[in-house]
Amino acid sequence: MILVTGATGALGAATIDFLLEKTPASNIAALVRDEAKAAPLKEKGIEIRIGNYDDVPSMVKAFQGVDKLLFVSGSEIENRSEQHRNVVDAAKQANVGHVVYTSFVRRNETETSPITFVAKSHLDAEAALKASGLSYTLLKNGLYMDMLPYFLGQQVIETGVVFQPAGDGQAAFVLRNDLAEAAANVLTTEGHEGKSYDLPGAVPITYSEVAATLSKIAGKEIAYISPTQEVYRAEMTKAGVPEMYIGMFGAFAEAIRQGEFEDAGGDLPKLLGRQPVAPADYLKQVYGN
């Protein structure tokens, strides 16, 4: 039995769809907090198990008989470290055969990282898995390409400006669907025990290059402006962007500026059996209509 946590989220749901191409629905279970949201999964024949990362007993019950667990990292940033330890604890109590954890690719693991608020919970989860005695695989996912429209802003074509404090930093963005397919491949094949896979995209790209690609797509010039963090924060505040998002987007831009996500290639082509989707192709899909 393969169980996917976070199964109603984008990554978990996409992984289940890829699993269904490789194994019968009777071999797949989904951990969800809200059964009502799991109706689409039920329709596909997926077994629904109820549990949440704050409730260890609920997960111990849900993890019974699980051979492989896809442990999708939690979305509650402030509570994730404790929640992730809870998942590892429950998996150990339930004697789960193998845990595949969705971590993140990085260079800087210290508190000097601009994204330490995101990084810490992943590092804590990895440490907990390594100390648990459980069989595990680490999927160190790259920066989601799917976040680009959020970083760029909904009106980027209309305004004609990419406004990000990322300097000339490169990022090897990777499509979430490619990561989901890779996860499904790991879950349905053998030989991944104790391994750690770096899963960035294939092509590192700067925001200047993003702007140039958007210019071709839109048939008009899209400029790239890289402000200071202070100016970025002031302009986003003026535009009515919530403080939480300003801080998060600014932190990822600074991480890109520092080269945190510039390493490309990694293990994704091997796990997919093909090259992952390139940023230019994704941008055409999103903005080409």
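The values are calculated or read from the model by the stated rules, or taken from the named source; none is laboratory data. Please read all numbers here as calculations on a predicted model, not as lab measurements. Cβ: placed from backbone, ideal geometry, glycine included. Neighbour counts: every protein chain shown.
For the reader, a short list of remarks on this structure follows.
- In segment 201-249, the residues that are more than 30 Å from ALA180 (Cβ to Cβ) and among the small types (Gly, Ala, Ser): SER215, GLY219, ALA223, SER226, ALA234, ALA239, GLY240
- Test: residue in segment 93-113 that is aliphatic (A, V, I, L, M), assigned to a strand (DSSP E or B), in contact with a Leu (Cβ under 8 Å, 6 or more places away or on another chain) and over 18 Å from THR8 (Cβ atoms): yes
- Of the residues making up segment 198-221, those that are surrounded by 24 or more Cβ atoms within 10 Å (Cβ to Cβ) and part of a loop (DSSP other than H, G, I, E, B) are PRO200, GLY201.
- Taken over segment 73-88, the criterion of being among the β-branched types (Val, Ile, Thr) and at pLDDT 95 or above is satisfied by VAL87, VAL88.
- The single residue among VAL186, VAL231 that is surrounded by fewer than 18 Cβ atoms within 10 Å (Cβ to Cβ) and modelled with pLDDT of 95 or more turns out to be VAL231.
- Residues of segment 249-289 that turn out to be touching a residue at least 60 places away in the same chain (Cβ under 8 Å) and assigned to a helix (DSSP H, G or I), as a count: 20
- Residues in segment 1-22 that are within 13 Å of ARG33 (Cα to Cα) and among the polar types (S, T, N, Q): THR5, THR8.
- Of the residues LEU138, LEU179, LEU134, the single one that is at pLDDT 95 or above, in contact with a strand residue (DSSP E or B) (Cβ under 7 Å, 6 or more places away or on another chain) and part of a loop (DSSP other than H, G, I, E, B) is LEU134.
- Scanning segment 141-163 for residues that are assigned to a strand (DSSP E or B) and within 22 Å of the chain's Cα centre (by Cα) yields ASN141, TYR144.
- Out of ALA255, ALA251, one residue alone is in contact with a strand residue (DSSP E or B) (Cβ under 9 Å, 6 or more places away or on another chain), under 25 Å from SER75 (Cα atoms) and of a type in the set (Gly, Ala, Ser). It is ALA255.
- Output for segment 45-76, where each listed residue is of a type in the set (D, E, K, R), closer than 13 Å to ILE2 by Cα and within 21 Å of the chain's Cα centre (by Cα): LYS68
- Applying the set (1) at pLDDT 95 or above; (2) of a type outside the set (A, V, I, L, M, F, W, C); (3) part of a helix (DSSP H, G or I) to ASP168 leaves exactly one unmet item: (3).
- The number of residues in segment 17-43 being over 23 Å from the mean Cα position of the chain (by Cα) and modelled with pLDDT of 95 or more comes to 5.
- Consider segment 89-124 and keep the residues that are at pLDDT 95 or above and aliphatic (A, V, I, L, M). The one that is nearest to LEU271 (Cα to Cα) is VAL100.
- Between LYS195, LYS140, the distinction of being closer than 19 Å to PHE71 by Cα and surrounded by fewer than 19 Cβ atoms within 10 Å (Cβ to Cβ) belongs to LYS195 only.
- Summed over segment 125-145, the residues that are within 18 Å of GLY266 (Cβ to Cβ) and of a type outside the set (Gly, Ala, Ser) give a count of 9.
- Every residue from segment 99-113 that is among the polar types (S, T, N, Q) and free of Cβ contacts under 8 Å to residues at least 24 places away in the same chain: THR110, THR112
- Taking segment 1-81 as the region of interest, the strands (runs of 3 or more DSSP E) fully inside it that hold 2 or more residues being surrounded by fewer than 23 Cβ atoms within 10 Å (Cβ to Cβ) are 47-50.
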